[in-house]
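Please read the structure below before turning to the comments.
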Amino acid sequence: MTVTSIGVVGAGQMGNGIAHVCALAGYDVMMTDISAEALQKAVALIDRNIARQVSRGKVTEADMAAAMGRIRTTTRLADLGQTDLIIEAATERETVKQAIFEDLLPHLKPETILTSNTSSISITRLASRTDRPEKFMGFHFMNPVPVMQLVELIRGIATDEPTFAACKSVVDRLGKTAATAEDFPAFIVNRILMPMINEAVYTLYEGVGNVTSIDMAMKLGTNHPMGPLELADFIGLDTCLAIMNVLHDGLADTKYRPCPLLTKYVEAGWLGRKTQRGFYDYRGEVPVPTR
């Protein structure tokens with residue numbers, strides 16, 4: 001199957017990035033969200049981000065105009081039904097994702113491929129709640145989508161080869177690189193990354209170091225571009241906690257137990273950059289550690 005049109009569910013941080021790269025690659029994009037305001041903000045952000053690429057000489061003005069012309073928005077989920085490939089990029093809660101797919105099913109073409117940008121949830125389980133588990137895959141972009149080269153492609157137990165091939169061809173056309181992963185909790189990247197972040201939070205929780213010293217140690221000691229606590233704020237502490245819970249529940253190993261301090265920050269609503277406070281306070285000109 002040749003994919004020419006892509007539906008994106010969710011206009012948040014990941015959804016707008018996915019719409020951005022798909023439109024630039026020549027796909028017709030239909031983006032949906034329950035909030036019309038979120039859709040307007042997403043389109044404005046995409047416009048600014050592509051304009052930045054133009055200013056750096058990475059994209060021509062003609063390509064920008066063409067890409068922006070390929071993006072349409074709607075608050076009606078059913079409008080995505082006639083696209084060839086749907087990428088769900090809603091919040092990282094399984095019940096939300098299941099409800100979205102159930103609402104989509106009556107409106108889909110028989111050949112439409114369903115995918116989820118989930119960073120940790122079982123693809124097989126999500127697929128089993130649809131009428132086309134063989135046409136269902138994990139399509140996990142990294143954040144920020146326009147910058148990061150990797151896409152994890154995750155087969156569920158029922159995913160067929162034509163579906164994988166179609167999704168792989170989309171990744172290639174986006175100019176990105178696919179890593180194939182088996183359907184185990186958190187796949188590859190987050191299976192390795194999140195326990196590291198969780199361990200950094202334990203290191204803070206136990207008083208081994210403060211926020212500044214932990215991030216500095218990892219940046220200068222292991223050559224990481226961002227410290228683990230800074231990275232956690234960038235990802236969103238609620239997302240980090242959700243993935244750790246998936247790992248803990250799915251693998252039943254105490255080494256994946258979320259740090260109580262991570263839970264406390266999420267309970268406080270200090271979720272990182274998106275709420276202006278996490279392990280750093282972003283309300284001033286310069287981020288200030290909160291511990």
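The values are calculated or read from the model by the stated rules, or taken from the named source; none is laboratory data. Computed from a predicted model, the values in this text were never measured in an experiment. No Cβ is skipped: glycine too gets one built from the backbone with ideal geometry, and neighbour counts run over all protein chains shown.
A few notes on this one:
- Candidates F136, F101, F164 - the one that is of a type outside the set (V, I, T) and within 30 Å of K274 (Cα to Cα): F101
- Here A186, A158 are screened, and the one residue that is under 14 Å from the mean Cα position of the chain (by Cα), farther than 24 Å from H20 by Cβ, not in a helix (DSSP H, G or I) and not polar (S, T, N, Q) is A186.
- In the stretch 202-246, the residues that are assigned to a helix (DSSP H, G or I) and either of a type in the set (D, E) or not assigned by TED's automatic domain parsing to the domain that holds P258 (or both): D215, E230, D233, D238
- Scanning the stretch 1-55 for residues that are assigned to a helix (DSSP H, G or I), over 19 Å from the mean Cα position of the chain (by Cα) and of a type in the set (G, A, S) gives A36, A44, A51, S55.
- Looking across the stretch 197-228 at every residue that is aliphatic (A, V, I, L, M) and more than 14 Å from P258 (Cα to Cα), the one that is surrounded by the most Cβ atoms within 10 Å (Cβ to Cβ) is identified as I214.
- V208 vs. criteria on the phi < 0 side of the Ramachandran plot and at pLDDT 95 or above: yes
- All conditions but one from (1) in contact with a strand residue (DSSP E or B) (Cβ under 7 Å, 6 or more places away or on another chain); (2) more than 18 Å from V9 (Cβ to Cβ); (3) not in a loop (DSSP other than H, G, I, E, B) apply to S169; the one that does not is (1).
- Pairs meeting the criteria (first residue in the stretch 163-178 and under 17 Å from I123 (Cα atoms) and hydroxyl-bearing (S, T, Y), second residue at pLDDT 95 or above and assigned to a helix (DSSP H, G or I), beta carbons under 9 Å, at least 6 apart or on different chains) are T163/E134; T163/K135.
- Test: residue in the stretch 126-134 that is basic (K, R), more than 24 Å from D233 (Cα to Cα) and not in a loop (DSSP other than H, G, I, E, B): no
- The set of residues from the stretch 172-183 being surrounded by 14 or more Cβ atoms within 10 Å (Cβ to Cβ) and either in a helix (DSSP H, G or I) or of a type in the set (F, W, Y) (or both) comprises just one member, R173.
- Pairs with Cβ under 7 Å, 6+ apart, first in the stretch 76-87 and in the same structural domain as T112 (by TED's automatic domain parsing) and surrounded by 15 or more Cβ atoms within 10 Å (Cβ to Cβ), second in a helix (DSSP H, G or I) and acidic (D, E): L77/D103
- Residue match in the stretch 152-167 (condition: surrounded by fewer than 18 Cβ atoms within 10 Å (Cβ to Cβ), more than 28 Å from D131 (Cα to Cα) and modelled with pLDDT of 95 or more): no
- Residue match in the stretch 281-291 (condition: closer than 22 Å to M14 by Cβ, touching a helix residue (DSSP H, G or I) at 6+ places or on another chain (Cβ under 8 Å) and either among the acidic types (D, E) or surrounded by fewer than 21 Cβ atoms within 10 Å (Cβ to Cβ) (or both)): yes
- Selection of the stretch 109-146 for residues being β-branched (V, I, T) and in contact with a helix residue (DSSP H, G or I) (Cβ under 9 Å, 6 or more places away or on another chain) yields T112, I113, T115, T118, I121, T124, T130, V145.
- Looking only at the stretch 28-50, residues that are more than 19 Å from R76 (Cα to Cα) and surrounded by fewer than 24 Cβ atoms within 10 Å (Cβ to Cβ) come to 6 in all.
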